[in-house]
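The block underneath contains the structure these notes are about, expressed in structure tokens.
Nothing in this text is a laboratory measurement; each read-out follows from the coordinates by a stated rule. Here the structure is a predicted model, which means the values were calculated and not measured. Glycine also receives a Cβ, built like all others from the backbone with ideal geometry; neighbour counts cover every protein chain displayed.
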């Protein structure tokens, strides 16, 4: 178990909050403030309890050096707007400037410290750097699940130096993930898509032992089809992983997990918007064609199968969803999952950058039980790995 903000005494104390403000910036402006918005419940709760709030975050990859264009200053300005409160900014995250900024705080006020990764000690999980960060505060709150797979000073070492708890976003994420894989209502379905089997081997191997239905889409499905002797034309495929795919199929059969692959496909000679395309049975893909999405029969069949499930975990699209019309399979499944979730028949948890974008395209993000903004951390959780930032809270 992990502690939450409710377990901490924070009135009049300095709360160091590890956020993930590594948000997309263009021309000095934040283009997607989702991660900032998700921080609001934690900030509001701490402020209401009288804490002095110090935000810690990394931004981009400055590799331990001060890189002006990787400053968090523009993010501080955007955060003030999204969070609806003044946010001060300190030009460093340790040392005199940070100390002065923290000392100036009154209960309920917020300061954002400069990019943690301007110091090499952050990514090195350096004890001295963790000591310097911890010296700024009285309690530690980790609200950055998306950075929890990294054992860095601000996510792992610091949690052993101060009373530590999960923030509201971290708490919601961990509760949602536990409901999806640790103690799910069965039957459990998982949708795993994307380009390559090689990037999600560990995910597939972990899921076949824990789910009842595993739907494989995207380029990954082509490797499984190839492994079963189905010709996939010019489609994205990893022929050298055919033996691995067959081994996963065997493991699934032994575990009682049904693996669902496309039975028809949308094919074209190239990937381009609104290119001439056709629907063909999966065993009728010509040598000059590329499989770019599941076909309508597959989408409808899979949507119908979700009706019988109680829990869904989703990572990765069914096809090249960024390029219409090859978004139809993904959108069909997304809208069905959202409909079942709205009616209380399905617990749906999704995560990963492409997945978040696909659900947004289907306009169903708010209708899933939980949509994680984490990429690597969500994948590592799907692999069954221990996340250092979470483990540190459980020990704290």
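Within the stretch 141-171, find all residues whose amide N lies under 12 Å from a label point positioned 7 Å from the Cα of residue 383 along Cα-to-beta-carbon. Only 149-150 fall inside the zone, counting backbone N under 12 Å. Report the FRET efficiency, 1/(1 + (r/R0)^6), for residue 284 and residue 258, where r is their Cβ-Cβ distance and R0 is 25 Å, rounded to 0.05. Plugging the Cβ-Cβ distance into 1/(1 + (r/R0)^6) gives 0.60.
Counting DSSP beta bridges with both partners in the stretch 5-169, what percentage is antiparallel, nearest 5?
Working: 2 of 21 bridges.
Taking every DSSP beta bridge within the stretch 5-169, about 10 percent pair in antiparallel fashion.
With a Förster radius of 35 Å, plug the Cβ-Cβ distance of residue 86 and residue 363 into 1/(1 + (r/R0)^6) and report the FRET value to the nearest 0.05. Walk me through the numbers on the way to the answer.
On the way: r = 33 Å, r/R0 = 0.96.
Rounded to the nearest 0.05, the efficiency is 0.55.
Cβ-to-Cβ counts within 10 Å put 140, 370 in ascending order as 370, 140, the fewest first. For residue 97 and residue 160, a Förster radius of 30 Å and the Cβ-Cβ distance give a FRET efficiency of 0.75, rounded to the nearest 0.05. With respect to the chain, whose longest principal axis is taken over its alpha-carbon atoms, helix 218-227 is tilted by about 50°.
Using DSSP, restrict attention to beta bridges with both residues in the chain and report what percent are antiparallel, rounded to the nearest 5. Here the antiparallel bridges make up roughly 20 percent for the chain. Against the chain, whose longest principal axis is taken from its Cα atoms, helix 73-83 shows a tilt of about 80°. Kirkwood radius, the chain, all distinct C-alpha pairs, inverse of mean reciprocal distance: 22.3 Å.
Where does the chain land at 222 nm, in deg cm²/dmol rounded to the nearest 500, when only DSSP H runs of n ≥ 4 count, each adding -39500 (n - 2.57), divided by all residues?
Details: 15 runs with 137 residues, N = 396.
The helix-only estimate for the chain comes to -10000 deg cm²/dmol at 222 nm.
Evaluated at 10 °C with a viscosity of 1.306 mPa s, what Stokes-Einstein diffusion coefficient in µm²/s does the stretch 117-264 have when Rh comes from the Kirkwood expression over alpha-carbon pairs? All intermediate terms of the calculation are to be shown ahead of the outcome.
Numbers: Rh = 18.2 Å.
Once the numbers are plugged in, D ends up at 87 µm²/s.
The coefficient of translational diffusion for the stretch 250-396, derived via Stokes-Einstein from the alpha carbon Kirkwood radius under 37 °C and 0.692 mPa s, stands at 196 µm²/s.
The length gained on full extension between residue 322 and residue 209, counted as 0.36 nm times the residue separation minus their Cα-Cα distance, comes to 37.6 nm.
From the Cα gyration tensor of the stretch 5-169, with a ≥ b ≥ c the square roots of its eigenvalues, which class applies: rounded if a/c is under 1.5, or else prolate if a/b is larger than b/c, or else oblate? Let's see the in-between values first.
Values: a/c = 1.38, a/b = 1.08, b/c = 1.28.
Here the stretch 5-169 falls in the rounded category.
Going by C-beta contacts inside 10 Å, put 206, 160 in order with the fewest on the left.
Final ranking by Cβ density, sparse to dense: 160, 206.
Simple spin-label estimate for residue 301 and residue 48 gives 5.0 nm between the two label positions (7 Å along the Cα-to-Cβ direction from each Cα).
Based on C-alpha pairs under 8 angstrom that are at least 6 apart in sequence, the stretch 204-350 has a relative contact order of 23 percent. A straight chain from residue 185 to residue 37 at 0.36 nm per residue would run longer than the Cα-Cα distance by 50.3 nm.
Going from the fewest other Cβ atoms within 10 Å to the most, the residues 177, 393 appear in the order 177, 393. Look at the alpha carbon pairs under 8 Å that are at least 6 residues apart: their mean separation over the length of the stretch 5-169 gives a relative contact order of 31 percent.
Between helix 242-255 and the chain there is an angle of about 80 degrees, using the helix long axis and the longest principal axis of the Cα atoms. The Cα center of the stretch 81-110 and the Cα center of the stretch 113-135 differ in position by 17 Å. Look at where the Cα atoms of the stretch 1-50 and of the stretch 145-221 average out, and the two centres are 21 Å apart.
Quick one: length gained pulling residue 198 to residue 26 fully straight, 0.36 nm per residue minus the C-alpha distance? Write down the numbers at each step before the final one.
Values: separation 172, 0.36 × 172 = 61.92 nm, distance 3.19 nm.
Full extension of this stretch gives 58.7 nm more.
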